[in-house]
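Working notes, structure below.
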Amino acid sequence: MNCFSKKMLMCMKFVFALAGTIGIGRNLSQARTDIREVSATSCEVVQVNLGLGMTTQIVFEQEPKVTLYADKKHFKITTTPLSPRSLAIIPFVESSELDSLQASNKRLSAKMLASELDEALKTNLVVIFENNNQLMFLLRFVEKDKADYLLTVKQVFNKDCKL
């Protein structure tokens, strides 16, 4: 198998994995349409809706050069050479942290758990592109059925924005 074939195979595996994540392929009549498109300037903060146990993918028009975020314990943010314009955001919470949230209220509903996680763990993400262009995001926990599976971001340049 030559190098091109290996890369193509890896790309296909990624696409099929992503398709399975958003519900495409098994039953097209039940496919999820949780793809959100936003336009943003460097002066706006874009909310990213995360669900515990789910990966959210952000797709940009250009390749990010730097990602900055404070809470590396609870959020893994990564990319791959096969998809350099995309970031995958994976929230991570230790079971002991979940237990401490639920200890006072016994068993929390999904909505209450998302609210508690959001209160305790929300953080920001700054993505810097070539020529020091940047976008800002607020990572928020929501119920799984309200989470962003795929967020496509179009960067808009506004003359009023000084960043």
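The values are calculated or read from the model by the stated rules, or taken from the named source; none is laboratory data. Worth saying up front: this structure is predicted, and the values here are computed from it rather than measured. Heads up, the Cβs are rebuilt from the backbone with ideal geometry, glycines too, and the neighbour counts pull from every protein chain shown.
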Taking T33 and the conditions (1) under 30 Å from K162 (Cβ atoms); (2) among the hydroxyl-bearing types (S, T, Y); (3) modelled with pLDDT under 90, which numbered condition does it fall short on, given that it satisfies the others? (1)
Would you confirm, using the coordinates I've provided, whether N158 is modelled with pLDDT under 95 and in a helix (DSSP H, G or I)? no
State whether the residues of the stretch 73-85 include one that is free of Cβ contacts under 8 Å to residues at least 60 places away in the same chain, exposed (fewer than 12 other Cβ atoms within 10 Å of the Cβ) and not charged (D, E, K, R). yes
From L121, L150, L101, L82, grab the single residue that is at pLDDT 95 or above and touching a helix residue (DSSP H, G or I) at 6+ places or on another chain (Cβ under 9 Å). L150
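A quick yes/no check of all residues on (1) part of a helix (DSSP H, G or I); (2) at positive phi; (3) of a type in the set (D, E, K, R):
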| site | (1), (2), (3) |
| --- | --- |
| V126 | no, no, no |
| L135 | no, no, no |
| L138 | no, no, no |
| D145 | yes, no, yes |
| K154 | no, no, yes |
